[in-house]
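Each remark here refers to the structure printed beneath this line.
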Amino acid sequence: MLYSMHEMTRLALTPWRAAANASRRVLQAPWNPMGETLAGRTAAAAADLFESVTRRYGKPEWNLPTTEIDGKSVAVTPHNVWESPWAGLTHFKREGVKAGDPKVLLVAPMSGHFATLLRGTVEAFLPDHEVYITDWTDARMVPLTEGRFDLNDYIDHVRAMITEIGPDCHVVAVCQPGPLVLSAIALMAEDKDKARPATMTFMGSPIDARRSPTVPNKLAEERPFEWFANNAVHTVPPPYPGMMRRVYPGFLQLAGFMNMNWDKHVDAHWQYFSDLVEGDGEPVEKHREFYDEYLSVMDLTEEFYLQTIKQVFQEHCLPRGELMHRGRRVDPSKIRDVALMTVEGERDDISGIGQTQAAHDLCSNIPESMRIDWVQPKVGHYGVFNGSRFRSEIAPKMKAFFREHAKTGGKARKQAA
């Protein structure tokens with residue numbers, strides 16, 4: 001019912017958005033003298049703000065047409081090299097670049113936002129890496145006939161994508177997928193899978209959410225599991241392809257994100273309004289660029305969401321040695337020849353310090369020479385994988401880590417075999 005009410009409200013606002021757009025265009029028309037007055041600029045800014053906060057934001061484009069290699073601009077084309085109804089493995093092909101650069105798989109979070117949230121992460125690696133990313137599908141767009149998608153399916157998808165890329169891949173799990181990516185690699189290690197990666201990097205991931213619990217962690221523990229099942233899961237209404245599928249709606253996840261920093265978002269929109277009135281174009285464009293991405297959200301399947309709440313945030317199955325995948329216990333200590341890096345943000349208010357570092361304790365048989373832990377000063381959760389400090393400090397450390405262990409991992413693999 002809540003999902004249907006949300007959709008009806010959005011549709012009811014459609015003519016008002018159209019009217020606001022028409023008013024803005026008229027007020028900003030070069031032939032309208034009102035557009036140069038304070039009253040006209042204020043009215044146009046109010047119409048722009050109303051339209052932007054009531055709009056449905058679709059899946060963003062990558063908007064990475066080129067990258068710079070050795071001082072030259074090189075065309076970039078994203079295309080899928082592997083697909084399922086639930087995801088695509090997107091490769092950013094750099095035109096005219098010979099094979100040989102390190103292969104990096106970015107496992108994007110499936111926690112409400114699209115993979116394009118990692119646009120800055122992709123951009124940082126493009127000049128000197130073959131970049132791949134997991135592009136998860138919005139659950140409301142997947143028909144019921146395609147069945148379920150749960151934690152087991154997620155692990156299977158990650159393993160299949162790693163296999164598709166091939167050995168000596170460098171896997172980077174950003175935030176939410178950390179425990180599941182570690183599980184996939186642990187299973188590959190136990191099976192002595194030849195496609196297992198050379199390195200694995202976890203960034204702001206809840207490997208063990210018991211450490212330095214944050215507000216979201218405490219919420220997940222304080223509320224009983226039944227509360228989430230009864231209040232957070234709703235049915236997709238028509239006309240979406242996934243109608244009648246039970247999901248955790250993206251708009252609920254977005255509401256939770258925004259409520260964590262409500263004052264900051266209000267101030268940002270007030271500043272946006274003021275900049276529109278003043279005609280200050282640069283901050284206006286930066287605001288639009290950020291919120292066009294931030295307000296684009298996707299739904300998660302009921303089974304994936306509820307299993308994540310229960311197994312990752314309430315029962316802490318992986319760090320307690322109780323996580324099962326299709327009847328097999330997941331044991332990260334089986335990993336011996338995949339180098340490990342963990343990255344955390346000093347000010348992370350979603351995955352507290354220590355939650356990602358827990359991977360080192362679980363992967364007890366990886367040699368010390370194949371490990372690195374880094375806590376980045378003065379950054380929060382998103383600063384771990386995006387922004388100026390990521391580009392200038394974190395990304396270079398990751399690239400050096402990849403280079404150092406690309407061949408080491410291969411030698412260790414031969415010895416293990």
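The values are calculated or read from the model by the stated rules, or taken from the named source; none is laboratory data. Predicted, not measured: the structure shown is a model, and the values here were computed from it. With ideal geometry, Cβ positions are generated from the backbone for all residues, glycine too; neighbour counts draw on all protein chains shown.
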Quiz item: Which pairs have Cβ atoms under 7 Å, sit 6 or more apart or on different chains, and link a residue in the range 160-183 that is at positive phi to one that is among the hydrophobic types (A, V, I, L, M, F, W, C)?
Solution: 166/195; 168/198; 168/406; 175/203
Quiz item: Quick one: how many residues across the range 79-94 are surrounded by 17 or more Cβ atoms within 10 Å (Cβ to Cβ) and either closer than 18 Å to residue 114 by Cα or not assigned by TED's automatic domain parsing to the domain that holds residue 141 (or both)?
Solution: 8
Self-check item: Considering residues of the range 149-173 that are touching a helix residue (DSSP H, G or I) at 6+ places or on another chain (Cβ under 6 Å) and within 17 Å of residue 304 (Cβ to Cβ) only, the residue surrounded by the most Cβ atoms within 10 Å (Cβ to Cβ)
Solution: 173
Quiz item: Of the residues 51, 68, which is more than 28 Å from residue 156 (Cβ to Cβ) and modelled with pLDDT under 90?
Solution: 51
Quiz item: Of all residues in the range 355-397, which are within 27 Å of residue 117 (Cα to Cα), part of a strand (DSSP E or B) and of a type outside the set (A, V, I, L, M, F, W, C)?
Solution: 373, 376
Practice problem: Given the conditions (1) part of a strand (DSSP E or B); (2) of a type in the set (Asp, Glu); (3) more than 22 Å from the chain's Cα centre (by Cα), report the number of the one that residue 344 does not fulfil. | Solution: (3)
Quiz item: For residue 328, all conditions in the list (1) in contact (Cβ under 8 Å) with a residue 40 or more places away in the chain; (2) assigned by TED's automatic domain parsing to the domain that holds residue 212; (3) within 30 Å of residue 62 (Cβ to Cβ); (4) not aliphatic (A, V, I, L, M) hold save one; what is the number of the exception?
Solution: (3)
Practice problem: Would you kindly identify the helices (runs of 4 or more DSSP H) lying entirely within the range 189-272 that contain at least 1 residues that are of a type in the set (Val, Ile, Thr)? | Solution: 215-222
Practice problem: Just give me the residues in the range 54-78 being touching a Ser or Thr at 6+ places or on another chain (Cβ under 7 Å) and surrounded by 14 or more Cβ atoms within 10 Å (Cβ to Cβ), in sequence order. | Solution: 57, 59, 60, 62, 74, 76, 78
Practice problem: Would you mind stating whether residue 230 is within 24 Å of the chain's Cα centre (by Cα) and loosely packed, with under 13 Cβ neighbours inside 10 Å? | Solution: no
